[in-house]
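The values are calculated or read from the model by the stated rules, or taken from the named source; none is laboratory data. Computed from a prediction, not measured in an experiment: that's the story for all the values here. Positions of Cβ are generated from backbone atoms using ideal geometry, with glycine treated the same way; all protein chains shown enter the neighbour counts.
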Amino acid sequence: MISTYILVILSLFSVVCGEDPTSGFTLVPLTEANFAVQKPYNIPLDQRYSYQDGVHRFWVYSNDKPYSPDSPTQPRTEIRITGHDYHSGVWQFEGYTFVPKGTSGATIAQIHGAAHGKTTLLLRIYNGDMRYYSTSLVAENLYDKWFRLNIIHDVNGGIVTVFINGEKKFQTHDQGPGDLYFKCGVYAAPDDISHYMESRWRDIKLYKKD
């Protein structure tokens, strides 16, 4: 009787929580050398980025310079994961992130590269909610809490899937194959942005499916 009860509870837990998005994937080894930080070109790194007790903290202001003098892009402080660009297969990004209240109009994670356009995926925070670029709602009420973000990119299938805390929240077609890689941090959107933008990240991982 007790064993049957336990099995029922475990079954209900599986239904509620779903399968871990990393199930069936192989962990890709990363070191700090794989984390290239991009920041406003005229400001020392320690004025826009810190790494302490396993937490990467990124911040930027709306009037900051871009990452290079000849770039027309918005200000950013981001990690670009190097050494693991991909063009095919199924890849997954995972990290725990924290966005303080007040940050708005900031991309906190992205897949850079596409056959059409410069990016496959931008996940932005607007007033505490996460959106796909500035359109489709992905998740709500994310300010001031750590949450787990998983992004799966099936390049051959042309599909990107987003999970928040292990729950599937969003899926879309990608923009075609290209020189692809993951980034995270804060990157100002073209408009509707707060003056100050910040995100924090820990336990950043990459996975792939063989």
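Taking the criterion of being part of a strand (DSSP E or B) and either modelled with pLDDT under 95 or not hydroxyl-bearing (S, T, Y) (or both), would at least one residue in the stretch 60-68 satisfy it?
Within the stretch 60-68, one or more residues are part of a strand (DSSP E or B) and either modelled with pLDDT under 95 or not hydroxyl-bearing (S, T, Y) (or both).
Go over the candidates A109, A114 one by one and state the one that is under 23 Å from D46 (Cα atoms) and of a type in the set (A, V, I, L, M, F, W, C).
Selected residue: A109, the only one of A109, A114 that is under 23 Å from D46 (Cα atoms) and of a type in the set (A, V, I, L, M, F, W, C).
Which one of these is closer than 29 Å to P72 by Cα, crowded, with 21+ Cβ neighbours inside 10 Å and in contact (Cβ under 8 Å) with a residue 60 or more places away in the chain: Q175, Q110? Give the derivation first.
Values: Q175 fails: crowded, with 21+ Cβ neighbours inside 10 Å.
Just one listed residue meets the conditions, Q110.
Take the stretch 137-167 and flag every residue that is of a type in the set (S, T, Y) and either under 18 Å from I81 (Cα atoms) or out of contact with any strand residue (DSSP E or B) (no Cβ under 7 Å at 6 or more places or on another chain) (or both).
none
For R80, work out the one condition from (1) closer than 12 Å to A188 by Cβ; (2) assigned to a strand (DSSP E or B); (3) of a type in the set (D, E, K, R) it doesn't fulfil.
(1)
For the stretch 180-210, name all the residues that are under 14 Å from V90 (Cα atoms) and surrounded by fewer than 17 Cβ atoms within 10 Å (Cβ to Cβ).
So the first thing to find is which residues in the stretch 180-210 are under 14 Å from V90 (Cα atoms), and the list is 180-182, 206-210.
Passing the criteria: K208, K209, D210.
Being outside any loop (DSSP other than H, G, I, E, B) and more than 17 Å from D179 (Cα to Cα) is the requirement here; does I108 meet it?
yes
For the stretch 19-40, indicate whether the set of residues that are under 24 Å from the mean Cα position of the chain (by Cα), more than 30 Å from K208 (Cβ to Cβ) and either modelled with pLDDT of 95 or more or not acidic (D, E) (or both) is non-empty.
The first filter runs over the stretch 19-40 and keeps only residues under 24 Å from the mean Cα position of the chain (by Cα), leaving 19-40.
When the remaining residues are screened for being more than 30 Å from K208 (Cβ to Cβ), the result is 40.
Then drop every residue that is not either modelled with pLDDT of 95 or more or not acidic (D, E) (or both), which leaves 40.
Yes - at least one qualifying residue is present in the stretch 19-40.
Could you grab the pairs with beta carbons closer than 7 Å, sequence gap of 6+ or different chains, first residue in the stretch 56-71 and surrounded by 15 or more Cβ atoms within 10 Å (Cβ to Cβ), second one outside any loop (DSSP other than H, G, I, E, B) and modelled with pLDDT under 95?
Once the first residue is surrounded by 15 or more Cβ atoms within 10 Å (Cβ to Cβ) and sits in the stretch 56-71, no partner that is outside any loop (DSSP other than H, G, I, E, B) and modelled with pLDDT under 95 comes close enough.
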